[in-house]
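Structure first, commentary second.
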Amino acid sequence: MGLDYGYEIFVPARNVDKALVALSDLAPRTDRVPPLALTLPGGGRLSVPFTSNFRSEPVDCTASDTLELDTSIMFGVDDAVREYVAGRDQELDELGRVQIGYIYLTVRFAPARHPGYAALEFTAATSGMSRMFERSTAVREVFTGLTAACGGVCCLLDTESDTFQICWLNGRPVRDTVPGPNFADHADLVATWPG
């Protein structure tokens with residue numbers, strides 16, 4: 001089995017719709033994928049330019065704890081991204097970004113460990129993409145930017161080790177780890193979140 005690295009963003013549960021709208025703004029501009037209609041817990045509705053389990057039928061999450069999406073995201077090009085897309089027929093958009101997909105997203109609306117927050121878990125589809133996630137500053141900036149845009153409190157990079165890299169915490173980018181010198185465990189990290 002390959003590497004499954006990923007970024008995890010924690011947002012106040014009420015901000016899931018805001019996070020999905022901000023994520024939609026990062027999607028490639030194409031009409032190859034019809035809009036996916038979502039009904040979120042609480043009844044809010046929106047459309048996203050992604051699929052769910054590779055299908056485009058409406059998804060009702062009012063009685064569900066999770067949402068699964070298959071996303072494509074536009075990233076700026078740095079050395080790690082350039083290496084990942086080398087040999088593929090990838091065109092840059094007008095902002096100098098390239099499309100990377102599929103990136104699997106699991107939204108956990110109110111995880112048991114912190115029910116006031118939702119978790120957006122972005123998982124790389126391949127080992128090569130996982131290595132790019134770990135090495136690319138441009139990729140990290142997209143995920144920390146998304147965290148900021150939706151009022152997220154924390155962004156972690158999971159490299160399938162015992163240590164998570166903290167990329168964003170309480171309104172600012174950081175470079176730290178959990179466990180590490182400042183956070184003995186996940187509970188110590190969560191204790192710094194508002195509320």
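The values are calculated or read from the model by the stated rules, or taken from the named source; none is laboratory data. Source: prediction; values computed, not measured. Reconstructed Cβ throughout: ideal geometry from the backbone, glycine too, with neighbour counts over all protein chains shown. Accessible surface areas use protein heavy atoms only, side chains included; no ligands, DNA or RNA. Shrake-Rupley method; radii C 1.70, N 1.55, O 1.52, S 1.80 Å.
Restricting attention to the stretch 171-189, which residues are open to solvent by less than 70 Å² (accessible area, probe 1.4 Å) and either in contact with a His (Cβ under 7 Å, 6 or more places away or on another chain) or under 11 Å from VAL153 (Cα atoms) (or both)?
Across the stretch 171-189, the qualifying residues are GLY171, VAL178, LEU189.
What is the number of the single condition among (1) among the hydrophobic types (A, V, I, L, M, F, W, C); (2) in a helix (DSSP H, G or I); (3) farther than 24 Å from ASP17 by Cα; (4) open to solvent by 30 Å² or more (accessible area, probe 1.4 Å) that MET132 does not meet?
(4) is the only condition that MET132 fails.
Yes or no: VAL107 open to solvent by less than 70 Å² (accessible area, probe 1.4 Å), in a helix (DSSP H, G or I) and either within 17 Å of ILE9 (Cβ to Cβ) or among the acidic types (Asp, Glu) (or both)? It would help to see each step written out before you state the result.
Working: open to solvent by less than 70 Å² (accessible area, probe 1.4 Å): yes; in a helix (DSSP H, G or I): no; either within 17 Å of ILE9 (Cβ to Cβ) or among the acidic types (Asp, Glu) (or both): yes.
No: the conditions fail for VAL107.
In the stretch 63-104, how many are in a strand (DSSP E or B) and out of contact with any helix residue (DSSP H, G or I) (no Cβ under 6 Å at 6 or more places or on another chain)?
If we filter the stretch 63-104 for residues that are in a strand (DSSP E or B), which is where we start, we get 66-76, 97-104.
Still in the list and also out of contact with any helix residue (DSSP H, G or I) (no Cβ under 6 Å at 6 or more places or on another chain): 66-74, 97, 99-104.
Final tally of qualifying residues: 16.
Give PHE54, PHE50, PHE75 a once-over and let me know the one that is within 20 Å of the chain's Cα centre (by Cα), open to solvent by 30 Å² or more (accessible area, probe 1.4 Å) and closer than 28 Å to GLU134 by Cα.
Details: PHE50 fails: open to solvent by 30 Å² or more (accessible area, probe 1.4 Å); PHE75 fails: open to solvent by 30 Å² or more (accessible area, probe 1.4 Å).
Exactly one of PHE54, PHE50, PHE75 is within 20 Å of the chain's Cα centre (by Cα), open to solvent by 30 Å² or more (accessible area, probe 1.4 Å) and closer than 28 Å to GLU134 by Cα, namely PHE54.
Among the listed residues THR144, THR159, THR177, identify the single one that is more than 15 Å from the chain's Cα centre (by Cα), β-branched (Val, Ile, Thr) and modelled with pLDDT of 95 or more. Lay out the reasoning, then the answer.
Values: THR144 fails: more than 15 Å from the chain's Cα centre (by Cα); THR159 fails: more than 15 Å from the chain's Cα centre (by Cα).
Testing whether each residue is more than 15 Å from the chain's Cα centre (by Cα), β-branched (Val, Ile, Thr) and modelled with pLDDT of 95 or more leaves just THR177.
Out of ALA27, ALA19, report the one residue that is in contact (Cβ under 8 Å) with a residue 24 or more places away in the chain and in a helix (DSSP H, G or I).
Numbers: ALA27 fails: in a helix (DSSP H, G or I).
Result: ALA19 is the single residue among ALA27, ALA19 that is in contact (Cβ under 8 Å) with a residue 24 or more places away in the chain and in a helix (DSSP H, G or I).
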